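A.B. asks: This is the structure, below, for whatever I ask next.
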Amino acid sequence: MKKTVITICVLVLFILGGCQMGKSQKPSEMDPKDLPEGRAFEDEFTRSFIQSTEEVSPGYYPFLAKNGKWKSAFPKEGLTNDLDYTSKDNFESFIFTDAKKGEDSSATVNVSYYSSFNPGHIESKKRSLRSKTGYDLDFEEISEDNATYYIAHFEDELEGKENRSLYGYAAYIQKEKDAGGINVIYTISCKNHCEDKKEAELKEAFDWIKTIKFVDDSKDDGE
Amino acid sequence: MSEKVFSARELRLRITDLEYKDLSPEAYKQEVERIYFEETGEALPAEMEVFTTKQSDAISQDSEYKGTAIRFHSEENEIDEVYIVSEGTQGLNDWLYNVEALVAGRSFVQVEEADNFMDEALDHFQYEYDSNKGSYDVPIIGLGHSQAHNTNATAYLVHDKFTNVYGVNGAQLNYYQLFRADPQFEQYLKEKYPILETDRDKIIDLNTDELKQHAINFYKDKAQNIEQDFSKQDPLYGVKDFRGLFSLGKETVHETNANYPGISDMFGKIDDDYLQQLQKIAVIYTKGSEKGDKMHVVDELLGVDTKFFRDFKLHHYATKNFQLLQNVRALDAALPEALEPIYQITDNKESILSELQDAGYISTEQKATLMDSFENIEKEIQAIESLVNDMKVARDQNHEGMILTEVIVDAHSFYKLQGALESLAEELEDFPAEEFEALLDSLGKSHGIGELMESLSNDKRKYVGTELYIKNTKGSKDIWISLSVTGRICGLGKLKLLAKEEKIEKFKNKLESKVYEVFEEQRTRANTAVDYMEANPNLDREFLYPHGFSPSFNRTITRINVHEEIPRFKDTSLDMTEHIHKLNASVEKGHSLIQQYRETVESLFKEEDNIAEQIDFMEGMYING
């Protein structure tokens, strides 16, 4: 009798557990066979930050930072690794590459989050990005969703490297209400036919930067 | 070297150390003046302004970076310079975290916070940033101890705003960190290793000597502006050639503790990976112990929250079987990685403990105690690993659920697992950390600035910690005097005596106005009443009524003679004159003792040493606050 009870209980629990597992849509909890294609899903570490297999825009999936303080879209060919992701409550350094197979260009995206950066002092933030990148950056200012984006384009013809060029955006995003700032350096490295695709790639980069949003601690905003 | 105010090493070291004292801006300025005067025998040659991260509006108060900016300006002496003194890490726990972060080269939060603070401070001092030159039109000198050197030097390499950077017992630069923090270096490495363009994690497989050389080449122009002092016995010096780290600039190594050889030779013999594991365990142990609960140490060590296992009761087999399955799997998955560093240590316990013993850090007995402890920990961990594995296998083989006998076997394993977790916690709690205390204490001291300063002593000047003492010889005796302590004794002594004088004066005034005057008034009133009675004796007839002389009797009082005389206050036993005199005498005596002490100190030196002037200055600082 006891054996039957235990067996039934165990079976019921297994079934319940199975149901719970089926309900979740988080890629990290799904069978790898059911995931979309792309490096972002193939790599276990990268996929642990992707929130869903539903696209937010073509080729991009929702991403939530490890410390929960910011979110963005993430490209399906994006790839990060444990060494390139440092996460603390007050700081994150997150770097990923976005490279499509067979294409001549790849992007490296360097995002760093600082909980201590108060609103204001924007000149200093711009100056930091200038001194860091070595480019004379001219920032465009956009205010949106309780954050201000300062985005500047840069371009670098690599000396002695014919047909090769670097271009992209450096950006600083300031949380408007309280402390919190994000630096972004989005660098596209192009090896061939750069002029043909530069415009489209830059637009993609610009749009991506604007998908970065602060997650408001005061309300449930983790969607 | 461009700086004019803190041009001597001793000055820079003492100012760097001052950052740990957490002083108010006023007290900070006073200390800078005192230190400058003590070291140079002169007053500061320029006006001083101070701006600290506590005043910062650019970075919030919970920023990791802490520091002070000092501006010196004098038209007359042609001085115009700014120092950024960054606060490092002092305690041993900090040091462990430090090494963890630095060796892995992961965080650069302080570098960016420091850059923002620097901008704000320069703006506060009203300097303009020249965007064409990419710098400020004023020398900016960075001072930093421990982690602060990594912060300053990295900020210099990334943002190029410092003119010079001085470090003491500093954490070194890290090319893994710079690969993430400096886009220009990142690009340089990508040119050298195109694989990094798409597979950045491959950096860990690249030849470390080559990477180090690339970093040194890339930043070679800045090396001439970086200078460092090291204690040979400082553990950070011991790990300065760890994988990832590289040094830039001029280095001076000081022998600061002759009792120990320093750990760099010892570390040189041990594999990098092994040292990293050792350090990882030390951090885990510290983190766990800090939480105060012995089970936390176990959880940190195993990398899993074992609360579920500890709280699990037999009847939970029916209600929490699925959670048990999940937890067993999680623990089984986490164990190999978590246990690797522990096994590395336990497998090599003999060699590491022998090295420590040979270097004189631990005794033979201590080594034996530590060996026992490591063996017991190893035994418990092996037991946990094997029990968890049994439970996992049992579940993997029984997808449809277990039959009762299997449940019983499993429950028995589970019961043993609970026991092993508890034993491990106890073993870790009993870990003879105190056996390491002397070692840790010695390493901690060698990391500090005080021990290094003490090594800078010569036969004329010596440091006790960061306090300066100067020598004089009287007869055959050497006498060491701290001018600062002398100044403090004289200055604070005088302040105390002045306060005492003031109190005595107040007391005297109160005595005059409240006691003497009131007493005199009452005495006059009483004497007047007596005179009146004597002049009009019959008016007081009523006093006789209670004694049988009723008003109907016709009797007259013809004379009243009062024999009592009320003395003056001065003539009573309550007189305070003598006491006040004694109090005044004690103040006089105090002054004369201070004077005697001063004269004794002064007499120890020659006139040309200007000792009197120096003590006056120090004294003045305490008196004028």
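A.B. asks: For the condition over 23 Å from the mean Cα position of the chain (by Cα), of a type in the set (A, V, I, L, M) and more than 17 Å from residue B:614 (Cα to Cα), what is the one hit in B:27, B:46?
C.D. replies: After applying the criteria, what remains is B:46.
A.B. asks: Anything in segment A:89-107 that is of a type outside the set (Gly, Ala, Ser) and facing chain B (nearest Cβ under 7 Å)? List them, or say none.
C.D. replies: Here is the first cut: in segment A:89-107, the residues of a type outside the set (Gly, Ala, Ser) are A:89-92, A:94-98, A:100-101, A:103-104.
Correct list: A:90, A:91, A:95, A:97.
A.B. asks: Since residue B:391 meets every condition but one in (1) within 45 Å of the chain's Cα centre (by Cα); (2) among the hydrophobic types (A, V, I, L, M, F, W, C); (3) under 30 Å from residue B:314 (Cβ atoms), which condition does it not meet?
C.D. replies: (1)
A.B. asks: Another question about this same structure. Checking residue A:82 against (1) at pLDDT 90 or above; (2) facing another protein chain (nearest Cβ under 10 Å), which single condition isn't satisfied?
C.D. replies: Answer for residue A:82: the failing condition is (1).
A.B. asks: Scan segment B:201-214 and tell me whether some residue there is outside any loop (DSSP other than H, G, I, E, B) and either under 22 Å from residue A:129 (Cβ atoms) or aromatic (Phe, Trp, Tyr) (or both).
C.D. replies: Scanning segment B:201-214 turns up no residue that is outside any loop (DSSP other than H, G, I, E, B) and either under 22 Å from residue A:129 (Cβ atoms) or aromatic (Phe, Trp, Tyr) (or both).
A.B. asks: Separate question: Exactly one condition in (1) facing chain A (nearest Cβ under 8 Å); (2) assigned to a loop (DSSP other than H, G, I, E, B) is false for residue B:180; which is it?
C.D. replies: Every listed condition holds for residue B:180 apart from (2).
A.B. asks: Scanning segment A:115-171 for residues that are more than 11 Å from every other protein chain (Cβ to nearest Cβ) and without any contact (Cβ under 8 Å) to a residue 12 or more places away in the chain, which turns out farthest from residue B:54 (Cα to Cα)?
C.D. replies: If we filter segment A:115-171 for residues that are more than 11 Å from every other protein chain (Cβ to nearest Cβ), which is where we start, we get A:138-153, A:155, A:157, A:162-163, A:165, A:167, A:169, A:171.
Next cut, without any contact (Cβ under 8 Å) to a residue 12 or more places away in the chain only: A:141, A:157, A:162.
Working: A:141: 30, A:157: 43, A:162: 51 Å.
The qualifying residue farthest from residue B:54 (Cα to Cα) is A:162.
A.B. asks: If I ask for residues that are small (Gly, Ala, Ser) and either under 17 Å from residue B:427 (Cβ atoms) or touching a residue at least 24 places away in the same chain (Cβ under 8 Å) (or both), which ones from segment B:299-350 would you list? Talk me through it step by step, then tell me what you get.
C.D. replies: Of segment B:299-350, the ones small (Gly, Ala, Ser) are B:303, B:318, B:330, B:333-334, B:338.
The answer is B:303, B:330, B:334, B:338.
A.B. asks: Let me ask something else about it. State which residue is nearest to the other protein chains (Cβ to nearest Cβ) when the search covers only segment B:78-101 and only residues that are at pLDDT below 95 and either under 21 Å from residue A:183 (Cβ atoms) or touching a Leu at 6+ places or on another chain (Cβ under 7 Å) (or both).
C.D. replies: B:101
A.B. asks: Counting just the residues of segment A:135-160 that are touching a helix residue (DSSP H, G or I) at 6+ places or on another chain (Cβ under 9 Å) and of a type in the set (Val, Ile, Thr), which one comes out surrounded by the most Cβ atoms within 10 Å (Cβ to Cβ)?
C.D. replies: The residue in question is A:151.
A.B. asks: Would you be able to tell me the number of residues in segment B:126-146 that are outside any strand (DSSP E or B), over 17 Å from residue A:130 (Cα atoms) and within 14 Å of chain A (Cβ to nearest Cβ)?
C.D. replies: Residues of segment B:126-146 outside any strand (DSSP E or B): B:126-128, B:131-134, B:137-139, B:146.
Filter once more, so that each one left must be over 17 Å from residue A:130 (Cα atoms): B:126-127, B:137-139, B:146.
Now drop any that are not within 14 Å of chain A (Cβ to nearest Cβ), which leaves B:127.
Of the residues in segment B:126-146, 1 are outside any strand (DSSP E or B), over 17 Å from residue A:130 (Cα atoms) and within 14 Å of chain A (Cβ to nearest Cβ).
A.B. asks: Let me ask another. Being surrounded by fewer than 23 Cβ atoms within 10 Å (Cβ to Cβ), in contact with a helix residue (DSSP H, G or I) (Cβ under 8 Å, 6 or more places away or on another chain) and not in a helix (DSSP H, G or I) is the filter here; which residues of segment A:115-134 pass it?
C.D. replies: Matches in segment A:115-134: A:121, A:134.
A.B. asks: In the list B:457, B:442, B:484, B:446, which residue meets the criterion of being part of a loop (DSSP other than H, G, I, E, B) and either on the phi < 0 side of the Ramachandran plot or crowded, with 17+ Cβ neighbours inside 10 Å (or both)?
C.D. replies: Working: B:442 fails: part of a loop (DSSP other than H, G, I, E, B); B:484 fails: part of a loop (DSSP other than H, G, I, E, B); B:446 fails: part of a loop (DSSP other than H, G, I, E, B).
Checking each option against the conditions leaves just B:457.
A.B. asks: Tell me yes or no: at least one residue of segment A:137-157 is part of a loop (DSSP other than H, G, I, E, B) and closer than 30 Å to residue B:204 by Cβ.
C.D. replies: At the first step, the residues of segment A:137-157 found to be part of a loop (DSSP other than H, G, I, E, B) are A:137-138, A:145-146.
Still in the list and also closer than 30 Å to residue B:204 by Cβ: none.
No, that holds for no residue.
The values are calculated or read from the model by the stated rules, or taken from the named source; none is laboratory data. All values reported here derive from a predicted model rather than from experimental measurement. Note: ideal-geometry Cβ built from the backbone for every residue, glycine included; neighbour counts use all protein chains shown.
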